[in-house]
Amino acid sequence: MHSITFANNPLDRASQLRSDQAWQQDAITSEKSRFMIFFEDRPLIKINADRPNEPEILWISHHQLAPLLTNNSRPLFLGLKDELPFYAVDLTGLNLDQILSHPSFATSKFIDARSIAPNLDNPSTGIIAQAKSNFEWNKNNIYCSKCAGVKLKTKDTGYKKFCEQCQSEYFPRVDPVVIMLPCHNNKCLLGRQKGFPPGMFSALAGFVEPGETIEDAVIREINEEVGLQSKNVSYKFTQPWPFPSSLMIGCTAEVDNPDYKVDEEEIVEAVWLTKEDLTKILVGKSEKRIWIPPPMAIAHQLIVHWMNNN
Ligand SMILES: [Zn+2]
């Protein structure tokens, strides 16, 4: 178990049950099942009055949920835990005031995933990532891309879409992104993107392109962004990033010649930092007034991992 936000989903996805319609019908109406609610990409979070700093996902029963279900509501099967079925339901389109007047939701709020994630326990963020990315994919894939105007049928509770006209099948997408630290002797390089707040530096990153390996993408992105030749790409860990559906692939790569040149398009500034520099940065004592993304970002975890191993 590591502390990467949006990772550590504790559910057994039990994907073989998604297409078992009889099983799903029973499970959706079973009082054993647990449902979490989404509204416009935001999960419903329970804030306990006596423990306001320990928010949690609000899980409700079918009995509690039933009054809010419409003919269009399709619970997404998240998986099993201790043999109990877990679902997420997207209530976007319903009247928000009506939803929130539901007695079971008295101490709950819809909060966007990015702001609530640092306060939730890690497994809950993994569940939110699974549901959020899936709902966004469902929302953005209504029509067949080959048959103009033909609506797709939802299958497997929301993990597949199907066109009855041309028989095409569509599956939720995941967009791989490499995020990496170029390393040279006892230093690693961080960069500043144009849009970053003043003083913030982070790992370099970019989308993996079709036909490219992770290693190719790391070497290409480092070269494009800071003009460095790198080698010996080493994979560290990944993070699902549900905005809407990236998979961040954390890596390091070795650099022989440290003379960088920023591309000015994406990266406006770069800096080689030692472990000592980064130690000061982490406690807010950097003379260079540099700071790095918070612990929920894989960039932070990658930097800390590099420090612990150098
Ligand atoms: Zn079609």
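Please treat every number below as a calculation from the coordinates, not as lab data. These numbers were taken from a predicted model, which means no experiment stands behind them. Virtual Cβ from ideal backbone geometry, glycine too; neighbours counted across all protein chains shown.
Translational diffusion of the range 191-238 was estimated from the Stokes-Einstein equation, with Rh taken as the Kirkwood radius over Cα pairs; at 4 °C and 1.567 mPa s the coefficient is 108 µm²/s. Directionally averaged projected area (the range 175-308, Cα convex hull): 7.7 nm².
Expressed as a fraction of 2.2 N^0.38 Å, the value expected for a compact globular protein of N residues, the C-alpha radius of gyration of the chain is 1.14.
Based on DSSP H segments of at least four residues, each scored -39500 (n - 2.57), the chain has a per-residue ellipticity at 222 nm of -6500 deg cm²/dmol.
Loop-resident trypsin sites (Lys or Arg not before Pro) (DSSP state other than H, G, I, E or B) in the range 156-213 with no more than 15 further Cβ atoms inside 10 Å of their Cβ: R173, K194.
Net charge in the neighbourhood of K187 (other residues with Cβ under 9 Å of its Cβ; Lys, Arg +1, Asp, Glu -1) is 0. The residues V262, V177, when put in order of fewest to most other Cβ atoms within 10 Å, stand as V262, V177.
Rounded to the nearest 20, the Cβ-based charge dipole of the chain about its Cα centre (Lys and Arg +1, Asp and Glu -1) stands at 600 debye. Highest mean packing first, where packing is the average number of other Cβ atoms within 10 Å per residue, the peptides 143-152, 124-133, 218-227, 41-50 line up as 124-133, 218-227, 41-50, 143-152. For the residue pairs K32/K155; K81/K155; K139/K161, alpha carbon separations beyond 18 Å are given by K32/K155; K81/K155.
Neighbour counts of other Cβ atoms within 10 Å put E266, E287 in the fewest-to-most order E287, E266. Modelled label positions at W23 and L84, each set 7 Å beyond Cα in the direction of Cβ, lie 1.9 nm from each other.
What number comes out for the charge environment of N119, summing +1 per Lys or Arg and -1 per Asp or Glu over other residues with Cβ under 10 Å away?
-3
Debye-formula intensities of the range 1-115, expressed as log10 I(q)/I(0) at q = 0.14, 0.15 Å⁻¹, are -0.62, -0.72 (one equal scatterer per alpha-carbon, no solvent).
Relative contact order of the chain, taken over Cα pairs closer than 8 Å and 6 or more residues apart, is 17 percent.
Tell me the net charge near E56. Cut-off is 14 Å between Cβ atoms, E56 excluded, with +1 for each Lys or Arg and -1 for each Asp or Glu. Once all neighbours under 14 Å are counted, the net charge is +1.
Counting neighbouring beta carbons within 10 Å and listing from fewest to most, the residues K288, K236 come out as K288, K236.
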